[in-house]
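Computed from the coordinates by the stated procedures, all read-outs in this text should not be read as laboratory data. Nothing here was measured: the structure is a model prediction, and the numbers come from that model. Neighbour counts are summed over all protein chains in view; Cβ atoms, including those assigned to glycine, are modelled from backbone coordinates with ideal geometry.
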Amino acid sequence: MKPRHFLRLTDLSAAELSALIDSAIALKRVHREGREQPVMAGKVLGMLFEKSSTRTRVSFESGMAQMGGSAIFLSPSDTQLGRGEPVEDTARVLSRMVDIIMVRTYAHAKLEAFAAHSRVPVINALTDDFHPCQILADIQTFVELRGAIAGRTLAWIGDGNNMCQSYIEAAPLFDFELRIACPRGYEPDPALTASAGSRIQVGRDPVAAVAGADLVLTDVFASMGQEEEQQERAARFADFQVNHRLLQDAAPDALFMHCLPAHRGEEVSAELLEDPRYSVVWEEAENRLHSQKALMRFLLSAG
Ligand code: CP
Ligand code: NVA
């Protein structure tokens with residue numbers, strides 16, 4: 001049987017995603033109560049990182065260990081990938097040795113090529129185009145703190161990047177409205193936006209996007225791989241900082257999320273990031289652990 005992969009949110013149905021969030025919330029409780037079962041005993045997760053990571057690496061590795069399995073960290077500098085072995089060959093070999101694989105890389109097409117040649121489930125741990133694992137953690141966090149996300153209004157302020165594009169895919173699947181405010185030239189892929197339908201609005205005005213929003217989101221101005229654009233982007237995004245002033249007209253119980261790492265004083269003010277009335281970034285980061293445990297359980301049982 002062909003394995004189920006999680007390369008983007010649309011690889012799962014709305015019902016599967018909803019069940020996964022419920023499972024993540026339940027697993028968090030079980031873990032905190034010390035009642036976790038070694039359901040992954042003997043299972044091995046391969047973790048291929050071509051970009052840096054703190055949260056993704058530690059949450060996947062800890063998650064696997066907590067479930068009784070183990071994980072192997074792999075990077076181009078210490079595998080043959082870095083010396084030119086094709087990604088297709090790497091996938092064929094690794095997937096004969098491990099049970100599930102997560103990949104963080106640049107081009108999304110490279111991840112797709114990897115998955116097409118893998119015998120075991122492959123998880124997107126961030127590409128230039130999508131970061132679906134982060135959305136699982138974010139939705140879990142919102143549901144835990146505010147209840148159902150269906151029918152809510154979300155505001156994305158800043159770059160139309162991999163995070164923004166995964167939110168666009170999330171909107172129809174989780175049934176929320178998404179208002180995006182970004183500078184001209186930094187929009188998400190228009191075809192993707194169009195395919196998500198009327199739930200998505202793309203504009204230039206952060207104040208309009210945030211008005212009445214239940215959840216306000218942002219991310220760094222320059223993502224990994226765009227370091228040389230940092231200065232130009234800092235100038236273009238100067239009016240797109242999320243801070244207390246911007247949140248004035250958000251819903252009274254609005255939450256602020258950021259996938260982290262954050263650049264204080266750039267895309268978010270230090271004061272807002274540290275204000276627990278709005279900012280739930282630490283809970284959000286922790287939920288990477290629980291939601292990815294639920295994801296790995298799902299993919300290994302669905303395969
Ligand atoms: N949010 C996120 O994916 O963080 P890392 O880059 O530290 O993994
Ligand atoms: N958009 C950021 C997210 C980091 C978790 C990046 O791709 O670098």
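The figures follow:
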read-out	value
Hz values of 3J(HN,Hα) by residue in region 40-55 - Karplus curve (6.51, -1.76, 1.60), Gly and Pro given as x	9, 3, x, 8, 10, 9, x, 10, 9, 10, 9, 10, 5, 6, 10, 4
Pair Met224, Gln66: separation of 7 Å Cα→Cβ label points (nm)	2.1 nm
Region 13-71: relative contact order in percent, alpha carbon pairs under 8 Å with at least 6 residues between	39 percent
Test item: Cα-centred dipole of region 1-53, Lys/Arg +1 and Asp/Glu -1 on Cβ, debye	80 debye
Three-way shape label, region 10-60, alpha-carbon gyration tensor, a/c 1.5	oblate
Quotient of C-alpha Rg and 2.2 N^0.38 Å, computed over the chain	0.98
Pairwise centroid distance, computed over Cα atoms, of region 45-69 with region 114-131, Å	14 Å
Computed helical MRE - 222 nm, the chain, DSSP H runs ≥ 4 contributing -39500 (n - 2.57), nearest 500	-12000 deg cm²/dmol
Solvent-free Debye scattering, log10 I(q)/I(0), computed from the Cα coordinates of region 20-95 at q = 0.14, 0.16, 0.17, 0.21 Å⁻¹	-0.58, -0.71, -0.77, -0.99
Region 87-140: Rg to Rh, with Rh as the Kirkwood radius over Cα pairs	1.01
Order of Arg146, Arg104, Arg29 under a 10 Å beta carbon neighbour criterion, fewest first	Arg29, Arg146, Arg104
Mean separation of Cα contacts under 8 Å (6+ apart) over length of the chain, as relative contact order %	21 percent
Positive-end residue of His31, His117, Gly84, charge dipole of region 1-120 with Cβ unit charges	His31
Difference of contour (0.36 nm per residue) and Cα-Cα distance, Met97 to Ala238	46.0 nm
Segments 126-137, 4-15, 241-252, 223-234 sorted - mean Cβ within 10 Å per residue, highest first	126-137, 4-15, 241-252, 223-234
Label-zone membership for region 232-265, site Arg204, 7 angstrom Cα→C-beta point, backbone N under 14 Å	236-240
Signed unit charges on C-beta, dipole axis of the chain, positive-most listed residue Val143, Met257, Met40	Met40
Residues Trp282, Trp156 arranged by fewest to most Cβ contacts within 10 Å	Trp282, Trp156
